[in-house]
1. I need the full set of residues from segment A:36-45 which are at the interface with chain B (Cβ under 8 Å from one of its Cβ atoms) and closer than 16 Å to A:LEU78 by Cα, in order please.
2. Which one is nearest to A:TYR35 (Cα to Cα) among residues in segment B:61-89 that are open to solvent by 10 Å² or more (accessible area, probe 1.4 Å) and of a type in the set (Asp, Glu)?
3. Look through B:ALA17, B:ALA54, B:ALA87 and report the one residue that is more than 14 Å from chain A (Cβ to nearest Cβ) and modelled with pLDDT of 95 or more.
4. Against the definition (within 20 Å of B:VAL37 (Cβ to Cβ) and open to solvent by less than 20 Å² (accessible area, probe 1.4 Å)), how does A:TYR89 come out, yes or no?
5. May I ask you to list pairs of residues, at least six apart or on different chains, whose Cβ atoms are under 9 Å apart, with the first in segment A:23-34 being over 12 Å from A:LYS70 (Cα atoms) and assigned to a loop (DSSP other than H, G, I, E, B) and the second being at pLDDT below 90 and of a type in the set (Gly, Ala, Ser)?
6. Got a sec? Which of B:SER28, B:SER70 is away from chain A (no Cβ under 12 Å) and without any contact (Cβ under 8 Å) to a residue 24 or more places away in the chain?
7. Tell me yes or no: at least one residue of segment A:10-17 is in contact with a His (Cβ under 8 Å, 6 or more places away or on another chain) and farther than 21 Å from B:LEU44 by Cα.
8. List, please: which pairs have Cβ atoms under 7 Å, are six or more places apart or on different chains, and start with a residue in segment A:46-75 that is closer than 12 Å to A:TYR35 by Cα and within 14 Å of chain B (Cβ to nearest Cβ) and end with one that is part of a loop (DSSP other than H, G, I, E, B) and aliphatic (A, V, I, L, M)?
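The values are calculated or read from the model by the stated rules, or taken from the named source; none is laboratory data. Since this is a predicted model, take the numbers as computed values, not measurements. Reconstructed Cβ throughout: ideal geometry from the backbone, glycine too, with neighbour counts over all protein chains shown. Heads up: the accessible areas ignore ligands, DNA and RNA and are worked out on the full protein's heavy atoms, side chains in. Shrake-Rupley method; radii C 1.70, N 1.55, O 1.52, S 1.80 Å.
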Amino acid sequence: NAGVTQTPKFRVLKTGQSMTLLCAQDMNHEYMYWYRQDPGMGLRLIHYSVGEGTTAKGEVPDGYNVSRLKKQNFLLGLESAAPSQTSVYFCASRTTGTVTYNEQFFGPGTRLTVL
Amino acid sequence: AQSVTQLGSHVSVSEGALVLLRCNYSSSVPPYLFWYVQYPNQGLQLLLKYTSAATLVKGINGFEAEFKKSETSFHLTKPSAHMSDAAEYFCAVRGITSGTYKYIFGTGTRLKVLA
């Protein structure tokens, strides 16, 4: 199993450009999350999904959109990137029905710089 | 509402010395608590978790944490630090908002191990 994978690993954007970050998991997990990590602020939840076709806002959703058309994929979109969105983005997933209930599995992260 | 506070953004210990990383939580319901480790340029990896069973929880790599309800603490310890323990450590609490479980992360503690 690959676990949770994220593409791309690095990206540099100019202000106003758009992009999509892809998260994929092969563990058949129901829940998926997008976080951003900034120095001194820990991880903050952007959006999350409790199942295919459903999404919800987290703590810092402004400027981002998400979609979960397939259970294994969770996409994070930036329609018009801003320098304040420079961050490291982590995707996570978790299941609800096994001994690993409550445990989030994290991807390796995407480092995004907006100039 | 739930929250976590990690005391000390940077901690330095000598190799072989005790590691103590502090985490205090706030929760209106019985908490589920987690410690994650993040090595440079990697995602977060679960070290251990408390889910209302034994109050002393043992995790990977020789780490353990003790849940103390009276002190609202969940400090992470390791008897003898190893160079490979150098990383950033995050405490997290499971919270519930609008009927959905979410995870609130602390701001992290960067552990440095001195030779």
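1. Within segment A:36-45, A:LEU45 is the sole residue that qualifies.
2. If we take residues in segment B:61-89 being open to solvent by 10 Å² or more (accessible area, probe 1.4 Å) and of a type in the set (Asp, Glu), then B:GLU88 is nearest to A:TYR35 (Cα to Cα).
3. B:ALA17
4. Values: within 20 Å of B:VAL37 (Cβ to Cβ): yes; open to solvent by less than 20 Å² (accessible area, probe 1.4 Å): yes.
So A:TYR89 fits the description; yes.
5. The qualifying pairs do not exist here.
6. B:SER70
7. Restricting attention to segment A:10-17, the residues satisfying the condition of being in contact with a His (Cβ under 8 Å, 6 or more places away or on another chain) are none.
Among the residues of segment A:10-17, not one is in contact with a His (Cβ under 8 Å, 6 or more places away or on another chain) and farther than 21 Å from B:LEU44 by Cα, which makes the answer no.
8. Close Cβ pairs satisfying both conditions: A:ILE46/A:VAL60.
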